[in-house]
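The values are calculated or read from the model by the stated rules, or taken from the named source; none is laboratory data. A quick note: this is a predicted structure, and the numbers were derived from the prediction, not measured. So basically every Cβ, Gly included, is an ideal-geometry build from the backbone, and we count neighbours across all protein chains shown. Surface areas here come from the heavy atoms of the whole protein model, side chains and all, with no ligands, DNA or RNA. Shrake-Rupley method; radii C 1.70, N 1.55, O 1.52, S 1.80 Å.
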4 protein chains.
Amino acid sequence: MLDQLKADVCAANLALRDSGLVILTWGNVSGLDPENGLVAIKPSGVSYEAMQPEQMVIVDLKGDIVEGDLRPSSDTPTHLELYRAFPAIRGVAHTHSAYATAWAQARRALPCYGTTHADSFYGSVPVTADLTPEALAGDYELETGRAIVAAFAGLDPLQIPAVLVAGHGPFTWGTSPARAVENSIILEQVAQMALATESLDPNAGPISQALLDRHFLRKHGKDAYYGQGNR
Amino acid sequence: MLDQLKADVCAANLALRDSGLVILTWGNVSGLDPENGLVAIKPSGVSYEAMQPEQMVIVDLKGDIVEGDLRPSSDTPTHLELYRAFPAIRGVAHTHSAYATAWAQARRALPCYGTTHADSFYGSVPVTADLTPEALAGDYELETGRAIVAAFAGLDPLQIPAVLVAGHGPFTWGTSPARAVENSIILEQVAQMALATESLDPNAGPISQALLDRHFLRKHGKDAYYGQGNR
Amino acid sequence: MLDQLKADVCAANLALRDSGLVILTWGNVSGLDPENGLVAIKPSGVSYEAMQPEQMVIVDLKGDIVEGDLRPSSDTPTHLELYRAFPAIRGVAHTHSAYATAWAQARRALPCYGTTHADSFYGSVPVTADLTPEALAGDYELETGRAIVAAFAGLDPLQIPAVLVAGHGPFTWGTSPARAVENSIILEQVAQMALATESLDPNAGPISQALLDRHFLRKHGKDAYYGQGNR
Amino acid sequence: MLDQLKADVCAANLALRDSGLVILTWGNVSGLDPENGLVAIKPSGVSYEAMQPEQMVIVDLKGDIVEGDLRPSSDTPTHLELYRAFPAIRGVAHTHSAYATAWAQARRALPCYGTTHADSFYGSVPVTADLTPEALAGDYELETGRAIVAAFAGLDPLQIPAVLVAGHGPFTWGTSPARAVENSIILEQVAQMALATESLDPNAGPISQALLDRHFLRKHGKDAYYGQGNR
């Protein structure tokens, strides 16, 4: 089972590289096996060129290394905080993709300007608060996770599987490592479109709640009728 | 004959993917066989990787499935409304391409700022009105088609083979599925150029009617002299 | 000799396609053989996929077809006017590349904001005047050529081998068809950079005459010291 | 040993081409062998297509050619001034990449808007002063190097391994030719993000000193914990 998890996480990391969202060794994807509460994650600073499933590092939800010869991604404590706080998620992805990062750097939530956004994110994608000096001086990556969780008070993380960390960049998640990567791809696309939308109309407003409901729920609600019913 | 239609529609869907306009499984293309009034369309939510002509779904103009094991694209009722209202068209394409979608999200018609636009679209590309709450709560995809048709009152759909659906994205069409895809490619290019044009000159105005006539008619009028006369 | 000219022009058209500057069948390149005053040019509306040197059309400087089964590019009269008015040039290229076209659509000359521009264009790249209604109703493509020539009154076309046709797009030229294509590539790059420069500083001004001189002349003056001395 | 240096410098030049940052023959990378004080650099104006290690030109720190049949890059005096003034660096790269060049053309230092920037550049990336008319008329490329060195008064060139030359473009450096290229790639990415950040918030400010410290030092400080500890 860990072999499958490592293979899925490795494949998701390579899919992230193939998406064009990350350059150099930036970006990382993890996956959770809910049966034993173990997480597989990309090793830190390792090239995508020769990445193998065996290189994925296995950690428990406290962050102790269970298996693997390499150091896990330095963002591991952020991933783990998300798995602990959002029990339904099975994969987390992190990138510095250009447009999503620009929104994060502008410290702005990403408004829902159209159905492309509404098909995947049920409302604005939140931006975190800045970390306090104390948090920055403490367990920084854990505090980043806590800031994300705080930004989701009252929100369902599977209805808005993405966040913008202020001054940093996006994290996305989903029901599998592959879905987390897919959400990174979608987030970057809608972040680019939203910037262009504001250039064309500085007073652009979000779509109506009725249109948001219609699009999100036709793909994700209990009466979803998009796809082949097996996704 | 349906084999040919399915092959053409499958090829057009793959051409759309190869164009770079769509990511993941977004986008869909259909084609009409006017002899029997049947439409072939991409199945919903199916990957482009292994797409085969046999997977194309055949529906009649009322939307009843005539042939095929998969569910047709959820946008099928929009396509069918276009075929019913615009009898000369033989293909329809839908994308969420970044720049055309940004204009749709800004709820702005795309002005004709140059001859690149005029070569393919005989004037501004219209934007639809927002759907009413009643339309959103009803047959949403059919109502989307009706909003497009309403936006073309007094316009010739073969002279302006494209529309921007407010808050959603572009639909294009043409005399074949391949031409519908070609018009999606052109629309995205001129949408990008138009945004840059406005950045360079916030007071930019459309080209003159005389220049618009000259360019559109040299390619499409009865005295067209572009190409080899066999297009 | 015409075989060589056709091969060079075909290769330059394919290089234009490979540059990413043109989509579909847009864009065209021609070349002049000065010994016999004949021009080879891309046929109109023909796909790049299977383009062969034998398909290039040979016309004389008056526009009469000397050799070839296909119709020449509809822009041929523009190319010919440039060869007649600028006797030192041996190749002409035309694209609708996105950023150069945006400047043309904004009807703005492209300012020299940096040494990238100065390395190839010795000052602003001119924009033509709008064509008069009479010119639009007459020999449109010839009139386009005349508008370009008028914009170069007092300028050396080999020192600024590019122009923006108002409401249309760029033409570039050079001492060979390959050089004309190279100048299209450079023009697009500096057009993109200039737009971004103005976004970063709405009051940006051109570089000094001294810096312009230094860069253009180190590559193109009689004391040029760039490259291996054999270009 | 010079064979290894030439191979590294050739590979770094090809990596620069593969990065998509340079077009045509633009861009150049050099490397220093500190044991003998010799520098290998790309020859001037030579195509990337058939570039071989043997073509790299070896010069000493005064600029005299020690080995090689080709003329060295015309930017060689700039590279050499950097090696003389910044003794810790082992590679230098120069590009005209679009976004970094736009900042250079706007004569603006690149602010640190996020952790992507902070991971590699410990604060704003400086922009040089304009060269004086005397400098432009003198040893231009050497004076460019001097302007860069002047812009780093009080700064550690290994903490901010990049600069924007006013009206020209970026130079980057690092502890190897490959690292210099990597820093060109990162600089272009953060230059693009910073432009988008300002579009989204014209009053955007840099990240806090505490966040800058945290990110730069987790990768580069004496207690760095990013990567596998062997970079």
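Looking at segment B:15-22, can you tell me whether even one residue there is open to solvent by 20 Å² or more (accessible area, probe 1.4 Å) and in contact with a Cys (Cβ under 6 Å, 6 or more places away or on another chain)?
Checking segment B:15-22: not a single residue is open to solvent by 20 Å² or more (accessible area, probe 1.4 Å) and in contact with a Cys (Cβ under 6 Å, 6 or more places away or on another chain).
Step by step: first the residues of segment C:184-221, then only those that are within 7 Å of another protein chain (Cβ to nearest Cβ), open to solvent by 40 Å² or more (accessible area, probe 1.4 Å) and not basic (Lys, Arg), then the one that is farthest from C:VAL9 (Cα to Cα). Which residue is that?
Applying the filter and picking the extreme gives C:ASP201.
Output the residues belonging to segment A:120-141 that are outside any loop (DSSP other than H, G, I, E, B) and open to solvent by 50 Å² or more (accessible area, probe 1.4 Å).
Listed by number, the residues that qualify are A:PRO133, A:GLU134, A:ALA137.
Report every pair of residues separated by at least 6 positions or lying on different chains whose Cβ atoms are under 6 Å apart, first residue within segment A:143-155 and among the β-branched types (Val, Ile, Thr), second part of a helix (DSSP H, G or I).
Note: pairs meeting the criteria are A:THR144/A:THR78; A:VAL149/A:ALA85.
Has segment B:115-123 got any residue that is of a type in the set (Gly, Ala, Ser), under 18 Å from B:ALA153 (Cβ atoms) and away from chain A (no Cβ under 14 Å)?
yes
Within segment B:86-109, which residues are charged (D, E, K, R) and under 30 Å from B:LEU38 (Cα atoms)?
Within segment B:86-109, just B:ARG90 meets the criteria.
Just to be sure before I move on: is D:THR144 open to solvent by less than 50 Å² (accessible area, probe 1.4 Å), assigned to a helix (DSSP H, G or I) and facing another protein chain (nearest Cβ under 9 Å) in the structure I sent?
No: the conditions fail for D:THR144.
Condition (residue is under 14 Å from the mean Cα position of the chain (by Cα), hydrophobic (A, V, I, L, M, F, W, C) and more than 13 Å from chain B (Cβ to nearest Cβ)) applied to segment C:75-84: is it met by at least one residue?
Yes: one or more hits.
Tell me, which residue of segment A:17-35 that is aliphatic (A, V, I, L, M) and over 17 Å from A:SER74 (Cβ atoms) is modelled with the highest pLDDT?
Checked segment A:17-35; the qualifying residue modelled with the highest pLDDT is A:LEU32.
Every residue in segment D:14-31 that is away from chain C (no Cβ under 14 Å) and touching a residue at least 60 places away in the same chain (Cβ under 8 Å), please.
Answer for segment D:14-31, where residues must be away from chain C (no Cβ under 14 Å) and touching a residue at least 60 places away in the same chain (Cβ under 8 Å): D:ALA15, D:LEU16, D:SER19, D:VAL29, D:SER30, D:GLY31.
Let me confirm something: among A:LEU38, A:LEU14, A:LEU2, which residue is among the aliphatic types (A, V, I, L, M) and modelled with pLDDT under 95?
Being among the aliphatic types (A, V, I, L, M) and modelled with pLDDT under 95 holds for just one of A:LEU38, A:LEU14, A:LEU2, which is A:LEU2.
What about A:ALA147, is it among the aliphatic types (A, V, I, L, M) and farther than 25 Å from A:ARG214 by Cβ?
Criteria met by A:ALA147.
I need the full set of residues from segment D:1-32 which are of a type in the set (A, V, I, L, M) and outside any helix (DSSP H, G or I), in order please.
D:MET1, D:LEU21, D:VAL22, D:ILE23, D:LEU24, D:VAL29, D:LEU32
Residue check, A:PHE171 against (1) of a type outside the set (Val, Ile, Thr); (2) over 14 Å from the mean Cα position of the chain (by Cα); (3) modelled with pLDDT of 95 or more, all met but one. Which one?
Result: A:PHE171 fails condition (2) only.
Under 6 Å between Cβ atoms, which residue pairs at least 6 apart in sequence (or on different chains) link something in segment B:202-231 that is at positive phi with a partner that is buried (at least 16 other Cβ atoms within 10 Å of the Cβ) and modelled with pLDDT of 75 or more?
B:GLY227/C:SER44; B:GLY227/C:GLY45
Can you tell me how many residues within segment D:151-183 are more than 11 Å from every other protein chain (Cβ to nearest Cβ), within 24 Å of D:LEU131 (Cβ to Cβ) and either among the β-branched types (Val, Ile, Thr) or surrounded by 21 or more Cβ atoms within 10 Å (Cβ to Cβ) (or both)?
9
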